[in-house]
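Have a look at the structure below before the remarks.
The values are calculated or read from the model by the stated rules, or taken from the named source; none is laboratory data. What you see is a predicted model, and the numbers here were worked out from it, not measured in a lab. Heads up, the Cβs are rebuilt from the backbone with ideal geometry, glycines too, and the neighbour counts pull from every protein chain shown. Heavy atoms of the whole protein, side chains included, go into the accessibility calculation; ligands, DNA and RNA do not. Shrake-Rupley method; radii C 1.70, N 1.55, O 1.52, S 1.80 Å.
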Amino acid sequence: MRKLVQVPILGALALMPSAALADIPDPVRAMIDAAIATGDADKVATVIDLAKATNPDDAAEIDAIAADFTAEQETLAAAEAAEQEEAIRNAGIFENWTGQGQLGAFRSTGNASNTGVTAGLSLERVGIKWRHKLTGLVDYQESQGVTTREQFLAAYEANYNISPRLFAYGLAQWERDTFQGFSARYSASGGLGYRVIDNEKMQLAVKAGPAYRQTEFVDGTSDSSIAGLAALDFDWKISDNLTFTDDAAAFIQSGNSTYTNTAGITAALGGGLSASASYTIEHDTNPPPGAVRTDTLSRITLNYDF
C-alpha cells in the first residue's frame with residue numbers, strides 16, 4: 001500500500017521546479033529525479049552521493065533535494081504506521097492471528113525409547129500493547145496395539161508491554177505424560193519479563209515470577225505446591241532462510257523441580273513451508289517411582305506458516 005501512495009507523491013516531488021534544481025546540470029537532475037520516482041531510499045542515497053561526488057559545486061543544492069526526499073519519506077512512514085495502528089486497534093478478537101502447523105517424527109530416550117509421530121500448532125496475535133500466544137503439541141506412538149509414547153501439552157501466554165523492553169506475562173499450561181508418571185500437570189504463573197536483545201537478527205527475552213503447580217499422578221495421588229518460574233526465549237536469524245531458536249524454562253519447587261530446554265534450527269523452503277530439527281531435554285529432580293529423571297526428544301518436522 002505504501003508504494004501506491006509513495007510513488008506518485010515522490011514523483012511529484014521530483015518534478016517540482018526549484019531554483020536549486022535549475023542550477024544542477026540536466027543529466028544529473030534527470031538521474032536524481034529518476035531515483036526519487038522509484039521511492040527506493042537506498043537507491044536515492046547512492047545517486048545523491050554520486051551526484052555530489054561528480055558535481056561538488058552543487059553539493060548544497062543536492063543536499064536540499066535529499067532533505068526534501070527524507071522529509072517526505074518520514075511523512076509517508078508516519079502515515080502508514082498510524083494507519084496500521086488504527087487497523088490493529090479496530091480489529092476483532094478473531095482477527096490478526098498468525099500461526100504455524102507442524103507435522104513430523106520424533107525419537108525419544110529415557111522413560112521410553114522409540115520413534116513416533118509429532119504434531120503441533122501455535123497461534124499468535126500481536127496488538128499495540130498485548131501479545132497472545134496459544135501452543136499445542138502432541139507426541140504419540142503405538143507398537144503392536146500398545147501405546148508406547150503419549151505426551152500432550154497445551155499452553156496459553158499473554159504479554160503486556162510496560163515499555164519497549166519490559167513486559168508483564170501470564171501463563172497457563174497443561175501437560176500429560178503417563179510415561180513420566182503423571183496423567184495431568186497444571187501450571188500457572190505470572191510475573192515480569194525483559195527483552196535483553198531485540199533487533200531484526202536476534203531476540204533474547206527472559207522472564208520470572210511465582211507459579212502454582214498441581215500434578216495428578218497415574219497411581220491416583222496428587223500434589224500441589226507453590227513454585228517459581230524462570231525462562232528464556234532466544235531467536236537468532238542466521239540468514240534469510242535459516243533460524244536458530246532456544247527455549248528454556250525451570251519450574252523450581254520443593255519436592256520435584258522441572259527443567260526443560262528445546263534447541264532447534266529451522267530452514268525456510270518457500271511458499272510458507274519450512275523444515276525444523278529440534279532437541280528437547282526435560283529433567284525432573286524427583287520423578288515418581290519407576291520414572292527416570294531425564295527425558296530427551298529429537299523432532300524433525302515440516303511446518304506451514306499461515
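Computed from Cα positions, the angle between helix 59-89 and the longest principal axis of the chain comes to roughly 40 degrees.
Each residue of the stretch 144-161 was assigned a 3J(HN,Hα) from its phi angle through the Karplus expression (A = 6.51, B = -1.76, C = 1.60, θ = phi - 60°), giving 6, x, 10, 6, 10, 7, 8, 10, 10, 8, 9, 9, 10, 10, 10, 10, 10, 6 Hz with x at Gly and Pro. Computed with the Debye formula from one identical point scatterer per Cα of the stretch 212-256, without solvent, the log10 of I(q)/I(0) at q = 0.19, 0.20, 0.34 Å⁻¹ comes to -0.69, -0.72, -1.11. Among rounded, prolate and oblate, which fits the stretch 86-168 when a ≥ b ≥ c are the square roots of the eigenvalues of its C-alpha gyration tensor, a/c under 1.5 means rounded, and a/b larger than b/c means prolate? Prolate, since a/c reaches 1.5 and a/b exceeds b/c. Of the listed values (i) 31, 26, 16; (ii) 55, 21, 17; (iii) 46, 31, 16, identify the label whose number matches semi-axes √(5λ) of the Cα gyration tensor in Å calculated from this model. Step by step, semi-axes √(5λ) of the Cα gyration tensor in Å for this structure corresponds to label (ii). Backbone geometry of the stretch 99-110 corresponds, through the Karplus equation with coefficients 6.51, -1.76 and 1.60 at θ = phi - 60°, to 3J(HN,Hα) couplings of x, 8, x, 10, 8, x, 10, 9, 10, 10, 9, x Hz, x marking Gly and Pro. Divided by 2.2 N^0.38 Å, where N counts the residues, the Cα radius of gyration of the stretch 99-246 comes to 1.20.
Taking the C-alpha atoms only, the angle from helix 26-38 to the longest principal axis of the chain is near 30 degrees. At a probe radius of 1.4 angstrom, the accessible area of the chain per residue rounds to 55 square angstrom. Overall, the anisotropy analysis places the stretch 157-306 in the oblate class: the square-rooted eigenvalues a ≥ b ≥ c of its C-alpha gyration tensor yield a/c not less than 1.5, with a/b not exceeding b/c. Within the straight-line cut-off of under 20 Å between alpha carbons, the lysines reachable from Lys237 are Lys201, sequence neighbours fewer than 8 places apart in one chain being disregarded. Of the solvent-accessible surface of the chain, computed with a 1.4 Å probe over protein heavy atoms with every protein chain present, carbon and sulfur atoms account for 61 percent. Relative to the longest principal axis of the Cα atoms of the chain, the long axis of helix 2-15 lies at roughly 20 degrees. Packing, as the average of other Cβ atoms within 10 Å across residues, places the peptides 183-196, 47-60 in the order 183-196, 47-60, highest first.
The Cα center of the stretch 51-81 and the Cα center of the stretch 92-170 differ in position by 47 Å.
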